[in-house]
Structures are given as structure tokens and as C-alpha cells.
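First up is the structure itself, then whatever we jot down about it.
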Amino acid sequence: MGALKSISKTYHAAVYLRLSREDGDVAEGGRAFSNSISNQKELVMDYLESRADIQVYSVYTDDGWSGVDFERPEFQRMLDDIREGLVDCVVVKDLSRFGRNYIESGRYIEKIFPMLGVRFIAVNDGYDSLDGQYGDDMVVPFKNLINDAYCRDISVKIRSHMEVKRKNGEYIGAFAAYGYLKDPEDKNHLVVDEYAAEVVRDIFAMKLAGCNVKAIADRLNRDGILSPLQYKRSIGIRMESPFQKGAEPKWSYNAVLRILKNEVYVGTVAQGKCTTPNYKVKKRVYKDKDEWIRVEDAHEAVVGRGEFDLVQVLLARDTRTAPEREKVFPLAGMVFCGGCGAPMVRKTVPSGGKRYVYYVCSGHKSDRASCSSHSFSAKKLEESVLALVQTFIGKVLALSEAADIVSRTSGMELGAGKIESRIGKLREEAENCGRRRKNLYEDFKDGILTKEEYAMLREQYQEQAAGIEASIVSLEKERDGILAGRTAGLEWVESLKRYEGVERLDRGLAAFLIDRIAVMGPEALEVAYRFGKEAEEMERFVLEHGKEAV
């Protein structure tokens, strides 16, 4: 009776096919062919030809989807048809095509499908839920467990492989950053796209000139420059981005900001910024910056390191831009009260048909006010800072020239080489001393040395090693002092030469040179320079060695 009852019912079947690019199915020769979509379909259809009780309702194909994740589009469409009563039988080539998640596969086969009255057939595994009780057959959960373990193993191998690539500085992103293209001969290496790279350079130049980020985006749109997504599409790269929507995405504040903050433009590849807990959980977990894998000089730079670092300083300091202005004020974010340390705020005061601009201490308005409401004229502040900057530049360039002369005429460059050679020999001696000290124990064990001799010699070697280390530290200090006099070719000094004779204080110069401005009183200012310590070391070098060169 049971057999007659089963034959009397006609099942409406969903033929489910799946192929993954992630679990290795398409990378293993014969398996790739046997698991191909066409092969799966042919095998299932041949099987169903002999089953008069099963009619095919529809074929559902998830091509390129992992078996771990059950949020596959065609799988979900199949479930919708099951819920609507259109499908009451699911047929797959084997259990691995259905899924590789042991828990989820078992939940569907042993709970959800029986509850919905759905018959499940895995052809190659010889499994038909109509032939027995759910859970009695241990083959199904065992095979699901094997499929799950296989997927976990593949996941571990892929993660390890990707980690090695990241540490080698190989670029593993799906698309190259704007300004670069993937090398046709090596997809894990970036090459400069000259057109887009020139736009990137212009963006950095505009920022260094004091333009705010929004003004840069507006300028690019006004000039008809294609946004990164538009440009990639224009050169034939099929790409979708979660950051830009619409038929014609434009440059935005965030698009420009991402470029200004991206280290890829100085030749650095920073990867491994996020991960997933495991191969089953796809939620992204973002790592701390010190956990990223960074490899410098991985490809050709588009902008210089100094230029990039200066832009980061500007981004950190930039405050709100005044209405109807595209540029940040030259000293914005740099002026502080010398008394309480609070920022000085720029204020405009109309009086008698004129507008007066002042920097006012903001500390007196706080709950713990410890400062009075004092101000400093913005015009006078900028004029005074410009005069101090001019003096500093002149002093540094004079010291640089003097240091180079002293270094050449005194033969110190040759002296630095001799010191470096002496340091090298001392390090070799330190290594030999360490080896001899380690060999003492072997001699003691072999009976060559007595216990007292071993203790005495070990102490002597320890004292010798300490003396060598002290000599190395002293010589390194002497060498560094000599090298401080070599200013020719130093990037910050060469950059400073461009500002020699400057007559106007702009945002680029202020950000490059000034670290902090303290307003000490109505007539007193103190300027802390970014290269103040280097300038002091240069001056010390000239004073100490200048007489020796005469």
C-alpha cells in the first residue's frame, strides 16, 4: 500500500544546480568538468526521465556561489516557490551541490523540508527522503559533515595564500585604485594610469593650496572631470561601487577625501584592513590600523611622501571654511592662547561700515574658565607670523650652507665613513664574543674547564661584550653628529628653498613649516616650527665644528 500511495502522487520538482568559484570546484581538472552546471543538469535530467512520479517545475542555477552561504539568489527563489506550493520536491546532483554548511544543510534536509512536505533527492549519493525516515540514515549527516570540513579546509588555504600575497606586497584587490591600472603582465602589481594620476596630483596640489575638500570636488565637477567610477567605466572596466549611485555619479566630498588619505599614491600597499570571523560568518570585522599589512615601495608613487604627509597634517588641522570661501584661512587650526592653551577662534566684527577680524581666546567661555576674553588682530597676526617665518627660513638656509661647508672642508664626511667602518668591526667582535661565551658551556660539560674557570671566563666575556656595546653607542652618537651637518639633499631643506624670499603667507607654507602659534599677549607671539629640532641640531653642529674647519 505504501508503494502504491507514493506512486499515485505526482511531485513538482525544482532542479537545483550550484557551482562555486571559492571552494575549489573549478580549479581541479576532472572535478571542474564533473561539477559543471551543464553536467549537473544533464545528470539530473537523465535520472528524472525514468521517474514518472516527478515532473520538473523549474531549474534553479546559482553559478559562482559558495555552498557555505544559503543566501543565494536562486536558492531563495526556490524557497519562495516552495512556500507558495509550486514546488514539493528538490533534486540535486549530490549533497555538496546543495550546500557545504553542515548545520544549515542538515536543518533544511531534516527539519525545514519535512515540515513543508518537500521530498529531497541527491542523485549521486543515492538519497531519497521518500525511502526512509529523516535522521535514521547516518550517511546524509556524515556526508554533510565531510562537505563542511572540505569547505573549511579550502577556506584556511585561501586565507593563508592571501596572507602571503599581502606580506609580499602583491595587490589582491578586485579593482585598482583610481590613478592606477593592474599590470597586464602581473595582475597583483599596479602600474600608473597617467591620465587619472594627473588628476590625483591636481587634487593634492589644490589641497596644498588651501582648498577645502568640498571645493575640490566642485572644481572637478565644474571642469568636467569624470568621477573614478565614470572613468573606469569609460575605459571598459565593469565596476559597481557602494559609494556612488545614479546614472552619472559625480565627484563628492568623500570621493576626494578617500584619495587624499590613500597611501597607495606614495607606493604603499595597505591591505588586510578587515576580515570575517570564519568561513561561515560573512560579517566584516574591521581591524585596528596597527594590524594592517603595509608594504612600502610596492609600486610607482604618484605623489611624494613629503607631499602626502603634509596633506595629512592639513586634513587633521582643517576647520570649518568660512561661508562663500573655497579655501581655508592660512593659519586655521594653528593659533592657540599662550595663557590657557585653548584655541583662538577667528571672529569678524562689523564697526562703522568696516569689518575687523580678530582671533579671540575661546577658553574664557568654558565651564572652567581660567582665561580672559583677549584678542589679536588677524591682519597683524598674519603679518607678524610672516615676518617670523621669513627670518626662520633665512636662518635655516644660512645654517644649511654653513653646515655643508664645514662638513666638506673639515673632512668630516670621510670621518663619518671611518666611524661607520669601526662600528662594523666592533659588531663583528661582539658576535665573536657572544659565540665564545656560548662555547664556554660546552667546554665545561666536556671537562675542559673547571667550574671556577667557567665562571671566571664567562664574567670576563660579559664585561667585554658590555664594553663593546658602550663603544658602539658612543661611535653611533659621534657619527650621527657628523651626519647632522649634511644638509644637502635633505627633503625638508630642499622644500624650504622654494620659499626663500616669500612675500605672502599661504596655507601650504603655513602647514609645511608651522606646528603651533601661541599668542602670549597683545604684542607677543611664539611660533613652534615643525623642523625646529632639526634646525637647532644644525646650529649646534656649525658652532661646535665651525672653528675646526677654519
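The values are calculated or read from the model by the stated rules, or taken from the named source; none is laboratory data. None of these values were measured; they are calculated from a predicted model. Positions of Cβ are backbone-derived with ideal geometry, glycine not excepted, and every protein chain shown enters the neighbour counts.
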Task: Positions within region 413-428 being over 41 Å from the mean Cα position of the chain (by Cα) and at pLDDT 85 or above, in sequence order - done: none
Open item on the list: Could you check region 441-458 and list, in sequence order, the residues that are closer than 23 Å to residue 425 by Cα and within 49 Å of the chain's Cα centre (by Cα)?
Closed with: 458
Task: Neighbours by Cβ (under 7 Å, 6+ apart or cross-chain): first from region 175-186, without any contact (Cβ under 8 Å) to a residue 24 or more places away in the chain; second of a type in the set (D, E, K, R) - done: 176/182; 181/193
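Can you go through 203, 172 and tell me which one is out of contact with any Gly (no Cβ under 6 Å at 6 or more places or on another chain) and either at pLDDT 90 or above or crowded, with 18+ Cβ neighbours inside 10 Å (or both)?
Matching residue, one of 203, 172: 203.
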Open item on the list: For residue 532, only one of the following conditions fails: (1) in contact (Cβ under 8 Å) with a residue 24 or more places away in the chain; (2) closer than 14 Å to residue 391 by Cβ. What is its number?
Closed with: (1)
TODO: Filter region 8-33 down to the residues that are of a type outside the set (Asp, Glu), at pLDDT below 50 and assigned to a helix (DSSP H, G or I), then identify the one that is surrounded by the fewest Cβ atoms within 10 Å (Cβ to Cβ).
DONE: 30
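Taking region 276-292 as the search range and keeping residues that are surrounded by 12 or more Cβ atoms within 10 Å (Cβ to Cβ) and farther than 27 Å from residue 253 by Cα, which one is modelled with the lowest pLDDT? Talk me through it step by step, then tell me what you get.
Taking region 276-292 and keeping what is surrounded by 12 or more Cβ atoms within 10 Å (Cβ to Cβ), we get 276, 278-280, 282, 287, 292.
Filter once more, keeping what is farther than 27 Å from residue 253 by Cα: 276, 278-280, 282.
Numbers: 276: 68, 278: 58, 279: 50, 280: 55, 282: 62.
So the residue we want is 279.
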- [ ] Kindly check whether there is at least one residue in region 262-273 that is at pLDDT below 80 and on the phi < 0 side of the Ramachandran plot.
- [x] yes
TODO: Take the residues in region 464-491 that are surrounded by 15 or more Cβ atoms within 10 Å (Cβ to Cβ) and β-branched (Val, Ile, Thr), then tell me which one is modelled with the lowest pLDDT.
DONE: 487
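What tally of residues in region 60-83 results from selecting those that are part of a helix (DSSP H, G or I) and within 36 Å of the chain's Cα centre (by Cα)? Even if it seems obvious, please write down each step before you answer.
Filtering region 60-83 down to residues part of a helix (DSSP H, G or I) leaves 73-83.
Filter once more, so that each one left must be within 36 Å of the chain's Cα centre (by Cα): 73-76.
Total meeting the criteria: 4.
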Open item on the list: Contact list please: Cβ distance under 8 Å, first residue in region 436-463 and in a helix (DSSP H, G or I) and at pLDDT 80 or above, second residue small (Gly, Ala, Ser) and surrounded by 13 or more Cβ atoms within 10 Å (Cβ to Cβ), pairs at least six apart or on different chains.
Closed with: 437/465
